[in-house]
Amino acid sequence: MFHAALDSTKTWKQIVDALATMLTEAHFMVTKSKMALRQMDSSKVAMLDIELPAQVFQEYTCDAPDKSPHDVCIGIDELVRVSKRMTSEDHLEFSIDESGSTFEIRMIGNADRRFKLQLLTPPPSRAKRPALKFDVRVEMFADTFKQAVKDVGVLSGHVRITANGDTLKFSGASDFGETEVVLSRGGDESPVYVLEAKTESSAMYALNYLVEISKAIASDTVTLQFSTNNPLLLESLIAEVGRLSFILAPRIERR
Amino acid sequence: MGTRLGDIMVATTVTLKDLAGKTIAVDAFNTLYQFLSTIRQPDGTPLMDREGRVTSHLSGLFYRNVNLIEHDLRLVYVFDGEAPVLKAEEVEKRRERREAARLEWERAKEEGRIEDAFKAARASSRLTAEMIEESKALLQALGIPVVQAPSEGEALAAQMAREGIVWASASQDNDALLYNCPRMVRNLSISGRRRGRGAKQKTVQPEIIDLDNNLRTLGITREQLVDIAILVGTDYNPGVKGVGPKTALKLVTKYGCLERIEEEKGLRLDIPYQKIRDIFLKPLETELEPIEWKRPDPERVMEILCDRHDFNMDRVERALERLTARARETDGRQSSLTEFF
């Protein structure tokens, strides 16, 4: 009913890392064209939306039409522990047997190792993605974003992202001091490739979420989109054709 | 003080947790009087500093607000300005009552009647101009905004709630409702306190009174509620003898308004009721500056409480630590994604 092969253990590690930052169960929806996941964390502050089209995999077969996917629900702790057994030389195969009760991860290298994970009962409903409009869109070098997040995190628990047409600023403050990271648009040297702002916009986000998710970003480029006091959408690619979207609710200043 | 409408109004009991994140305009005088009357020793002696100055109100303001801030409530204190002319008589009466109570307190203390002494002492509570200024200074040091009303504080608190600047107004008396306050909170300054003895002992919880719900349930308009209040007695007039809230409700429901009660029932109302109606129905509207909550200033608080009024430094410091820890967390509220669907 489902079978896929993946040569790159790096890609799989990246996916599992992203899931592990905020979920306790991974709920994949598997169809003939893709493997997808869309879930909020338990506090409903962040959402992870992952799409892995069949092209991400070297082999891919699934009998479920796109309209009625198979629910594949796995405990994250087990998934992380099993995935740690991978070596970089391994070639991976995933499958669900006819009975549909286990998810098998097969690591083929020096040995042929099979791990069968018990499937969990899927949640009664699938999460919808919020309809968001963005005033700011930034494409930037992923490492620069990760660095900015870490810089602000030295002194603060949250980051304020401010953007106008020319500059993008990450800032944070606490009783101990403050940090500011300013990036300018354009020029061959600039790590900010695209910076579009309909209006000057500013919003604050919890850093712990951003620090965790940025560890799971493996692509060179990230796309940031946000509006004042609205959620942030962070997007990066997984193995060229797959997509990782991360949506984070803002911290809103009280009146 | 205020109008006794409790018997006919329905309140919902909540917990402090339910009020987390809410902004509330507090009737400052009402709250200060509560602290002055309740924070006393068994024989009625209030808290005092080395020089004999009363500090019950400061103690109440400090510890109570720390507690409420910890529960994530956002308060604004609204202070009374000049009392309406019509209130002069009531103000004078209160002054006399306080003076009489003070004499009774002295007597009861001398004669060893402790319970009587406590009761009399409570009734003798006085709020001086100095106390008001110090209370404002302490609130500002705590980062809590203070607003000065041109006249009655409750009228301004009601306006703020109506305009959505605050979620509700807080007071122990019901006058806020007469001033068209959509929602009021009672017991905020005494919640958690125990009332009664033995098996009857109960912990006081905050209560919310929703104006529209109550008017709908009673089947009256706000104008009619004001007429009921006038019959029962307000700060501006003594009530009609023998008429409590329930009787007043019956009268107003039956006849519609005070004019018709006079005409048709032949009840002579020797009350300038049109003027009193105007106080409640047409209060002065005030232009309001935006309200800003600031970080507490621990040094200033220590100065007011410990240096000037001999509060225990350790206790004040411990409470302040709780407060600054809280202030760090509240640099913005974490919203939920569900708010953006």
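The values are calculated or read from the model by the stated rules, or taken from the named source; none is laboratory data. The structure presented is a predicted model; accordingly, all values stated were derived computationally and were not measured. Here the Cβ is made from the backbone with ideal geometry for all residues, glycine too, and neighbour counts use every protein chain on show.
Return the residues of region A:155-192 that are more than 21 Å from the chain's Cα centre (by Cα), buried (at least 18 other Cβ atoms within 10 Å of the Cβ), in a strand (DSSP E or B) and within 11 Å of chain B (Cβ to nearest Cβ); say none if nothing qualifies.
A:Gly172
Just for region B:39-87: of the residues that are in contact (Cβ under 8 Å) with a residue 60 or more places away in the chain and acidic (Asp, Glu), which one is nearest to B:Glu289 (Cα to Cα)?
In this case the residue turns out to be B:Asp80.
Taking A:Ile247 as meeting all but one of (1) touching a Phe, Trp or Tyr at 6+ places or on another chain (Cβ under 7 Å); (2) within 14 Å of chain B (Cβ to nearest Cβ), write down the number of the exception.
Answer for A:Ile247: the failing condition is (1).
Output yes when any residue across region B:74-92 is farther than 23 Å from B:Thr286 by Cβ, touching a helix residue (DSSP H, G or I) at 6+ places or on another chain (Cβ under 8 Å) and away from chain A (no Cβ under 14 Å), and no when none is.
Within region B:74-92 (the criterion being farther than 23 Å from B:Thr286 by Cβ, touching a helix residue (DSSP H, G or I) at 6+ places or on another chain (Cβ under 8 Å) and away from chain A (no Cβ under 14 Å)), the answer is no, since none of the residues qualifies.
Select, from A:Ala36, A:Ala20, the only residue that is at pLDDT below 95 and either buried (at least 19 other Cβ atoms within 10 Å of the Cβ) or more than 14 Å from chain B (Cβ to nearest Cβ) (or both).
None of the other options fit; the residue is A:Ala20.
Tell me which residues, restricted to region A:17-46, are aliphatic (A, V, I, L, M) and out of contact with any Lys or Arg (no Cβ under 9 Å at 6 or more places or on another chain).
If the condition is that a residue be aliphatic (A, V, I, L, M) and out of contact with any Lys or Arg (no Cβ under 9 Å at 6 or more places or on another chain), then A:Leu19, A:Ala20, A:Met22, A:Leu23, A:Ala26, A:Val30, A:Met35, A:Ala36, A:Leu37, A:Met40, A:Val45, A:Ala46 are the ones that fit.
Go through (1) in contact with a helix residue (DSSP H, G or I) (Cβ under 8 Å, 6 or more places away or on another chain); (2) part of a helix (DSSP H, G or I); (3) under 27 Å from B:Pro283 (Cβ atoms) and name the single condition B:Tyr63 misses.
(3)
Hey, can you tell me all the residues within region A:104-116 that are crowded, with 16+ Cβ neighbours inside 10 Å and either over 18 Å from A:Asp77 (Cβ atoms) or at pLDDT below 95 (or both)?
Within region A:104-116, A:Arg106, A:Met107 qualify.
Would it be correct to say that A:Leu79 is touching a residue at least 60 places away in the same chain (Cβ under 8 Å), farther than 30 Å from A:Arg160 by Cβ and outside any loop (DSSP other than H, G, I, E, B)?
Against the criterion (touching a residue at least 60 places away in the same chain (Cβ under 8 Å), farther than 30 Å from A:Arg160 by Cβ and outside any loop (DSSP other than H, G, I, E, B)), A:Leu79 qualifies.
Given the criterion free of Cβ contacts under 8 Å to residues at least 12 places away in the same chain, closer than 25 Å to B:Glu152 by Cα and within 24 Å of the chain's Cα centre (by Cα), identify the matching residue among B:Pro245, B:Pro238.
B:Pro238
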